[in-house]
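Structure record follows, encoded as structure tokens.
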Amino acid sequence: MKIFSGSEILALQLKDKLESIDLNVVIKDNIQSARLGGFGSADLAVELFIQETDFHKANPVIEAFRMSI
């Protein structure tokens, strides 16, 4: 389940917070993929995903993060 799209810096901050509560986070970096493919991307290029079953545990961390940015 996708929980975040945005800059790499913010994505890494949220990923660290979620991993600190023992959640597995998958990061999809479209900027890096586009660069390796030979073209650029100016989109919200970094996405974070978690298991849907972990959402109840992740939601308070996600909401606190969103309020802090």
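Every residue, every condition in (1) touching a Phe, Trp or Tyr at 6+ places or on another chain (Cβ under 9 Å); (2) at pLDDT 75 or above; (3) not in a loop (DSSP other than H, G, I, E, B), yes or no:
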site	(1), (2), (3)
A11	yes, yes, yes
I27	yes, yes, yes
A34	no, no, yes
S41	no, no, no
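Can you tell me which residues in segment 43-67 are modelled with pLDDT under 95 and either of a type in the set (S, T, N, Q) or touching an Asp or Glu at 6+ places or on another chain (Cβ under 6 Å) (or both)?
The answer is V46, and nothing else.
The values are calculated or read from the model by the stated rules, or taken from the named source; none is laboratory data. For clarity, every value in this text was computed on a predicted model and none was experimentally measured. Please note: Cβ atoms are built from the backbone with ideal geometry, for glycine as well, and neighbour counts cover all protein chains shown.
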